Structure formats: C-alpha cells, structure tokens
Amino acid sequence: MKRKLLLVVLAISAFLMIACSSSNTPAEQTADSTPANTTEAAQSSSESTAADTSADTTQDTAADTDAGWHSDYYNAEAMKDITLNMYGVTDTIIPVLEQFTADTGIKVENLTMQNGEILQRLINESTAGTPIADIWFTGGADTFISAAQQGLLHAYDAPEGAVLDDIMKDPDGYWYGTSLTLVNWVVNTALIDEYGLKMPETWDDLLQEGLKGEVSMSDPASSGTAYNTISAILQVRGEEEGWAYLDQLIGQVPYFTARGSDPANNVVAGEAIVGINASNGDRELEENNANIKLVYPKDGTGWWPQPVAIVEGTQNLDAAKVFIDWMLSKKGMQTLADVRYAAVARDDISIPDGIVDIKTIQLFPVDFQANAANRESILLEWQSHLPQ
Amino acid sequence: MHLRTPSPHKLIYGIIFLFLVYFILLPVVSIVFYGISSSDSLFFTTKGFQNSFIHLRHSLSVAIIVTIMATVLGLILAFTLHRMAFAGKRVLKALVLLPFINPPFVGSIAYIMLFGKRGLITHQLLGLTISPFGMRGIVTVQVLGLTALAYLLISSAIQKTDISLEEAARTMGASEGKVLLTVTLPMMAPEIAGTALLVFLASMSDFSTPLIIGGSYQTLASNLYIQITGLYDMQSAALSGIILLLPCFMAFWLHKYHLSKRSYFSDDTTASAIVNRTLPRHLKGMMIGISTLYLTFLLGQYLFIVLGALTKQWGYDYTFSLAHFQSLKGTQIKPFINSFKLASATALFASGTGVFLAYLLKLHRPKFATAADLFATLPAAVPGILFGIGYLVTFRYPILGIGKFWLTPLPSIVLLGTKAIVYLICIARFMNIGLRAGYALLEHVHPDIENASYNLGAGQARTFFSIMLPQMKSAFFASFLRSFSDGMVTLGAIILLIIPSNKVAVQQIFTVVKSNASGDAAAIALLLSFMTLIFLGFYYLLFNFRDVIKRLKAPFKKEVNA
C-alpha cells in the first residue's frame, strides 16, 4: 500500500516537473523582476525552431525584391531571442503577429482583453514599477489618448509615421493608427423580411416604428463603440438636434448592453433586428451568417483609428520600435489588410477582396481629442436622457 | 486527546499559516482598505450608491431563488438516486455529474438559442416571442448548473444518515411521509442548510452568466467586471465589492459557526446501499419524474451545444458542418497546456496542504488553530473576481505586498506580472476543498490511532507515513479531482492576473464568446470539457490503480476458478 502511494506521488511530481520545466519555478520568478526574461525562458525550443525555419523561407523570397519594411533599430542577431508581450482587444491579429515573427525573428505573445481592462492593467503595472506589456496594438483611440495623458506610453518618432494623415496619429508620437474601425449596423435580413420593414440606410431609418425594441446598442459608459457613435452624432448634428435624435434612438433600444460586441451577437441570435456594431471593414459576419447583412449608413458613420503604441518602461525598447516600424511599413500594412481584411491607414496598399472600400463609405468628421476630453460631461448628459 | 506534535509538523504548520495570512487574509483586508481609501471615487455620488444597491438587490433575488430551487432539486435528486431502485439509475447517476465538466459560458448561449425571442423552443415550436434576457435566464442557467453541486453535497449527507432511527419510527407505525418530515429531513437539516449556503455563495459570485444573459439585469458580481473593463474604475469596483462581501460573509458565518456545529451523524454508518421499498407509488413516480426531467434538460443543453459546434450557424442554419472545428486549428495550443499545468499543479498543492492542514488542526490542535481554520475557509466566501482584485491591489507592491511601507530603496520584487501569482491564487482558493475533505474523513478516524502507533514503538516519521498518510489518501484524491476540474474552468479569480505568456483556455473561450462566433465558442468549449474529462479519467485511474487492475482481473479469475 505504502509503496503504491509513494509511486503515485512520485509519478505526479515527476510529471509536474516535466510540465513545469519549460517555465521557471515560482521562487525564480519572484527573484526575477524583469518580465521579458521570464517569458523568454518560457518559450519552448520547438516553437522557436519553427519560427526560425519559417523566417528563413520568407526572408529568402523577400531578399530578392524589396523586403517592404525597414527599421534603424533592427538587429537580427541580438533580437532573435526576444519575446515582446502585447496587449490587444482581438485575437484576429494573430496571423499578423506570426508574419512579424517570420520577418524579424522577434516573437510576440499577445493577451486579449477589453479596452478598459488594458488601461487598468497599464496603470497597475506602472504603479508596481513592473511593466509586463511592451507593446499595445488594437483598441479604441480614446483609451490610447487617455493612456498617453497619464504617461503610460512611450513616444517614438517613427519614420514611417510621416505618411499617415495627421488625424491617424498622435502629434507627439505616442501612438499611430494602423487601420480604421468603422461603426456599422449588423442587420438580420430574415427578420426585416418577416416583419416587412424597410432596410435601414440612414440614421433616421433606425427610428421607424417596426424597429421599436429591436435596435441593439451598447452602453456608451462601458463601450467605446457606443460612445464614439453618440459623440460623432453630437458633433455632426450639433448639440440640440443631436440630443433630440438620441432621445428618439433611446426609445428604440430595449436595454443597453454592457459590451460593444453584444449587439452583433444579439442580432445574429435573432434577439434584435439591427445592432450598432464596430468593425475593421471585414465582411466576416456576412460571410459566416446567411441571414446577416452589414450596412454602412449613407449619411455618414462614426470611426476611429486602431492604434499601436509602445508601453512606457518596456525592457525591450528597440524591439518594440522595430514592431512599430514594421507595422507602419508597406509590408506590415499589406499583411494587416490581407489577413485581417482591415481598412488600413496607408493608401498605397492594394485592397484585397472581401473588404469594404473605404472610399465608398461616408465618414463623420471626428475630433478624437475632444472625444476623450468631453467623455465625462457627455456621459453625464446621456444619463439624464435615459428613461428613469 | 492531546497528541505529541512532531517538529517537522510544526514547521510545516508555520509555513502554511504564513501562507494563509499572506495570500488569503492580506488580499481580503486590502480590498476593504483600497475601497474606503478612495474618497474621490464616483461611487460616493448618490448615483453610485443607488446603483450598487440596485445590483445588490438583483444579486440577492437571483441568489435566493436559485438557492431554494437548486437545493430542493438537489434533495429530490439525491433521494431518488440513493434511496430508490429503478431501471436506468446508473445512467442518471452519471448524467448528474455533467455540469462539473460543462463547457463554460456556452450554456448561456445555448439558453438564448433555445428560449430566446427567436429560440428553437419558444419561437419555432411554441410561437412565442419573448426576451430571454433578465432574471429568468440567469436563474434557469444557474439552477441547471448548481443543482449538481447541491446533489453532490446532499448525497454525501444521505449516505451518512443513521438509518436505524428511520426504521425505529417506521416500526412504531409512522407513515412514510411522517418519517420523512419528522425524522429524515431534520436529521439532515444541518447538511441541507450548509448546501444551501454554498449554493448561495456560488450564485452570488457568478459573473459570467449575468454578463451574457442578464441584459439590463446585472448583478453585483457582473457589475464589478463591467466597472473594471468598461468604466476603467477599479476603486468603485472595490467599493461595490465590499457590499458584495457583506451578504457573503454573513452566509459564511452562519454556515461556519451555527449550522455545522450541529451534527446528528453516527460515526460508523455507511448507508449507501439502502433502498426504500415502502414509499407510496405516486410519490416515487413523481420524484423519479422530476429527476428525469431535470436530467433531460441538462442533457438537452449539452447535446444542443454539441449541435451548435457541428452545424453551420448555431441558432439559424442547422446544416451539418465541421467548419467550427476546422477553425480550431487557428487556435493556439499553448493556452490548453497552460490550463492543464495550472489545474494539475494547484490541485496537487492545494489538496495536499488542505488535507494535511485538516489533519493538523483536527488531531493536533496547534496554536491559532481557529484562526488558521477561518483563514483557510475564507476564500469560499469571497467571490473569485473580488479575490482577484484583492491580489491585484496587494501584490503590485514589492516583497509580497507589504513592501510598500518599507524596503523602498531595494530593487522591487513584485508578484504581479509573474506566472507565480496565478498559481498562488488558485492554491489559496482551492485549499478549502482539501480542508473540508480532510475534516469529513477525520470524522471517521479515531484520534487514538496515532497514539497507538507511538505506543507500539513506531517513530514519528513511520507513524505519519504508514499510519496517517494512507488514511488521508482518499480525502486527498477526492479533493484533487474536484480542484482539478474547478481549476480547468476557473476564470473570475485569474482574469485580472494572467499575463500574455500564461493565458489559459477559459480566457480564450471567454474572448471567442464575445466575438460573435458562437459556433466556434461551442467547439472550443467542448474541446476543453472533453480534455477535462480525459484527464479526470486519467487521474482517477492513477489514484485507483490497484482497484482497477483488480476489477479487470476479476472476470478472468472467476473463469479460472470455475
């Protein structure tokens, strides 16, 4: 009996030793305060060889023509063991990160969270003096602006940033927009047909009688999508007319969802007919769901840049700069456009099929700095317009 | 019954005690301090207060209804499956454990697809168009899941009740109903109440169900998550956390110091095989009916999730398709490995220390035993996400959280942002499972057994390893399996603490659930629950190696004998 038990315990501990050998023991981790080193060691050898071989093949082909990217800070030899930690709001950019690793040999580990969670984490890590993330890529411009104001980002004057429109970047180089996030409507066409409704084309179409209780929208207090939508409407229509419109819109919405992604889920599940949603220009929802159509309102829609930034205090500053340079280069933007079907910030990129042509969409003129600055007062006003 | 305490025991006890103070007491105290130290928080506007109390009311309404329904259902299930004989009982007994490997979150989505405005059952079948969001949805999903927990806890009570008292009542001419109401139930009352309180706590701390199907009806726990992720306001979150702690602590205190003190168990009954033959036919039929109905729902939900993973567009187009499993190829494998490592390592440490602590506290009564017991069981009363906030605000400072006040010139050693913190919080949370398993087991172990060993001349090491360890083995195994399956799907406590290199599978699923791809979410969640099942099976075999071999050999042996 005793021996059997000992055997079991030994087996488990041996197993766990093997399982944990790729990571550090807790004691070592505690002693090691630089997160970069920790993750470095965590990378299993098999992974790095896989990355190396793929890097070789792509670099061979890229060497013939123009590699499509350049960075003054790049040093292939010194950077091959570096892992960048990244925060972001979506997993769909993983193929872009893989391409970056293939091109540079620098590995990227991403963690996907919501905008507010990222901001909160950066604040905590800054208080603790141990920044975990090196870079922050994807999210809403307002959180990047807020983070820059709180000193959480590292300014970098990227050479490639010069080609971007002024509205797509921070004047001091704290962040650069990579692609556009567009507000659109997810419409359940099966239900539009069933109830004999007019397919909505303009913002006023959302107010039609048949859509009462059938418009899904997120809470602007907790969702960037909804906040950008209402602030854009207010900027375009003016204070008075804007709030008058929003009052009517509020009447159409049964309840305001907690997260920006909920309205689209509701429409796909048939819980609502129209959902106010944000997308990067892809048509995936349409392609995967037969009863769904994506509509860009004819009279203009809200949008914001999808930024990339370096986190202040990173231990891998040079590698992080390489990431920014790569991301803003033709190669990076083309990859982003190709794999993510995103409407990218550069206009010298060939647009792949399956993506909306940004030129056909009417965009609201938006002032992002004002959006970030007026957030509290607009939300307070919004509260007073809700049915009590 | 005071025993000699060997000095290695004392040392280990000291280490465990320090662990409890640092990793359980300190974070909980920190939340309170962090919350009330924020004078400029939005919370102190009347609106903030008002909102918190609305959410508290929601939390309490849901929790109370869920507690009553789940406990009653669990009781019926336990009686049906342990005290009655009928065909198909074994199948039902296995089915009732489904929620323990339930794919996380997608149950709520399944509910929307089935009972929503355009749900398969409500709309297509019954022609109704009703919104699934709100309290009804939360209650339904939670009852489905938590009944299994209630069943499990009550079953262990049923197996321990002293059947001879019931027999006595029967021989004195009491009717079956009277026996049930005046003998059986009162005997089990402490266990039932204890079960109810644990169900209450589980319902209070569930944040993902209200988040997905609550609609405008959000509870305190889900609102905590929204406050951090949407409103970027952690101090308000900590303050509403304190409000959430109050009812939880009250329930915990009631359970710990009032109910669990009364016990009517006899020391040595194992009544698992008792079958009640004299129950009136219609009553028996009704109980089997209710049990079957519940389990049908459970199985239906599960199969519907499988259906969602295997069809083109869940909720709209039910054409067979493997597309969702193909898109799994893009999923990284590493989070699954991380989940497994986390669940295994924490289950091992938490169960080991938990059971050992139970042994020390029960048989050796060391100094501060009451405090140690209180600290170790405290995490049961603290909702996971709140415990996570506690870790966040404590361990972002150097040297285990207290270095904020001293040692400032030294290079900071901060736990936040290391992989270790996720392991530590899981061990701290799951240790009470081992502790409770240990206590339950020691009820049946005579304290003098250790003294007997000493008197017969065995040394300290020998006594511990060959007398006590084998005794506590089964408690360790039970606790390990429970902690492991919990660890695979735990999210609330770690969601704010994980770092890019050790993200876990549940977090992946949680992200996919949000990204408008419910079919993919179903597929990946099924994969996780399947993986949990396989490893549970693997560990079960490992622990019961000898029995399994014996059983495998048994038919063979018989043949030889014949």
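Looking at residue B:224, is it of a type outside the set (D, E, K, R) and within 14 Å of another protein chain (Cβ to nearest Cβ)? Yes, satisfied. For first residues located in region A:90-103 and free of Cβ contacts under 8 Å to residues at least 40 places away in the same chain, partners that are open to solvent by less than 20 Å² (accessible area, probe 1.4 Å) and lie 6+ apart or on another chain with Cβ distances below 7 Å form the pairs A:91/A:112; A:91/B:511; A:94/A:110; A:97/A:110. The residue list B:128, B:152, B:146, B:120 contains one member that is open to solvent by 40 Å² or more (accessible area, probe 1.4 Å) and more than 14 Å from chain A (Cβ to nearest Cβ), which is B:152.
If you go through region A:134-161 and keep only what is under 24 Å from residue B:229 (Cα atoms) and open to solvent by 50 Å² or more (accessible area, probe 1.4 Å), you end up with A:149, A:150. Quick check on residue B:520: is it touching a residue at least 12 places away in the same chain (Cβ under 8 Å), part of a helix (DSSP H, G or I), open to solvent by 40 Å² or more (accessible area, probe 1.4 Å) and within 14 Å of another protein chain (Cβ to nearest Cβ)? So residue B:520 fits the description; yes. Being at pLDDT 80 or above, in the same structural domain as residue B:342 (by TED's automatic domain parsing), open to solvent by 10 Å² or more (accessible area, probe 1.4 Å) and part of a helix (DSSP H, G or I): is that true of residue B:428 here? So residue B:428 fails the test. Note on region A:162-183: among residues that are of a type in the set (Ser, Thr, Tyr) and more than 12 Å from residue A:328 (Cα to Cα), the one that is surrounded by the most Cβ atoms within 10 Å (Cβ to Cβ) is A:181. Look at region B:284-296: where a residue is within 15 Å of residue B:176 (Cα to Cα) and a partner is part of a helix (DSSP H, G or I) and at pLDDT below 90, sitting 6+ places away or on another chain with Cβ atoms under 8 Å, you get B:287/B:79; B:287/B:80. Kindly check whether there is at least one residue in region A:94-102 that is under 20 Å from residue A:371 (Cβ atoms) and surrounded by fewer than 21 Cβ atoms within 10 Å (Cβ to Cβ). Looking for residues that are under 20 Å from residue A:371 (Cβ atoms) and surrounded by fewer than 21 Cβ atoms within 10 Å (Cβ to Cβ), one finds none in region A:94-102, hence no.
Out of all the residues in region A:313-336, which are surrounded by fewer than 22 Cβ atoms within 10 Å (Cβ to Cβ) and in a helix (DSSP H, G or I)? Once the filter is applied, which keeps residues that are surrounded by fewer than 22 Cβ atoms within 10 Å (Cβ to Cβ) and in a helix (DSSP H, G or I), region A:313-336 yields A:317, A:318, A:321, A:330, A:331, A:334. The listed residues are B:72, B:32, and the only one of them that is surrounded by fewer than 20 Cβ atoms within 10 Å (Cβ to Cβ), at pLDDT 90 or above and either farther than 26 Å from residue B:205 by Cα or of a type outside the set (S, T, N, Q) (or both) turns out to be B:72. Taken over region B:486-507, the criterion of being farther than 23 Å from residue B:393 by Cα and open to solvent by less than 10 Å² (accessible area, probe 1.4 Å) is satisfied by B:488, B:505, B:506. Only residues that are at the interface with chain A (Cβ under 10 Å from one of its Cβ atoms) and open to solvent by 10 Å² or more (accessible area, probe 1.4 Å) were counted across region B:197-214, and they come to 1. Identify, please: which residue in region B:295-332 is under 23 Å from residue B:502 (Cα atoms) and facing chain A (nearest Cβ under 10 Å) and is, among those, surrounded by the most Cβ atoms within 10 Å (Cβ to Cβ)? Only one residue fits best here, namely B:331.
Residue-level check: of (1) β-branched (Val, Ile, Thr); (2) over 27 Å from residue A:226 (Cβ atoms); (3) under 16 Å from the mean Cα position of the chain (by Cα), residue A:118 misses just (2).
Scan the helices (runs of 4 or more DSSP H) fully inside region B:90-196 and keep the ones with 1 or more residues being within 29 Å of residue B:219 (Cβ to Cβ).
It comes to B:106-115, B:135-160.
Close contacts from region A:118-129, counting a first residue that is at positive phi and facing chain B (nearest Cβ under 8 Å) and a second that is hydroxyl-bearing (Ser, Thr, Tyr) and open to solvent by 10 Å² or more (accessible area, probe 1.4 Å), with Cβ to Cβ under 8 Å and a gap of 6+ residues or different chains, come to A:129/B:412. Scanning region B:445-460 for residues that are outside any helix (DSSP H, G or I), open to solvent by 30 Å² or more (accessible area, probe 1.4 Å) and either outside the structural domain of residue B:360 (by TED's automatic domain parsing) or over 13 Å from residue B:471 (Cβ atoms) (or both) yields B:456, B:457, B:459.
Condition (residue is in contact (Cβ under 8 Å) with a residue 24 or more places away in the chain, at the interface with another protein chain (Cβ under 10 Å from one of its Cβ atoms), in a helix (DSSP H, G or I) and open to solvent by 10 Å² or more (accessible area, probe 1.4 Å)) applied to region A:277-290: is it met by at least one residue? Yes, because at least one residue in region A:277-290 is in contact (Cβ under 8 Å) with a residue 24 or more places away in the chain, at the interface with another protein chain (Cβ under 10 Å from one of its Cβ atoms), in a helix (DSSP H, G or I) and open to solvent by 10 Å² or more (accessible area, probe 1.4 Å). Scanning region A:200-245 for residues that are open to solvent by 10 Å² or more (accessible area, probe 1.4 Å), in contact with a strand residue (DSSP E or B) (Cβ under 9 Å, 6 or more places away or on another chain) and closer than 23 Å to residue B:218 by Cα gives A:214, A:219, A:221, A:222, A:224, A:225.
The values are calculated or read from the model by the stated rules, or taken from the named source; none is laboratory data. Since this is a predicted model, take the numbers as computed values, not measurements. No Cβ is skipped: glycine too gets one built from the backbone with ideal geometry, and neighbour counts run over all protein chains shown. These area figures cover heavy atoms from the full protein model, side chains too; ligands, DNA and RNA do not enter into them. Shrake-Rupley method; radii C 1.70, N 1.55, O 1.52, S 1.80 Å.
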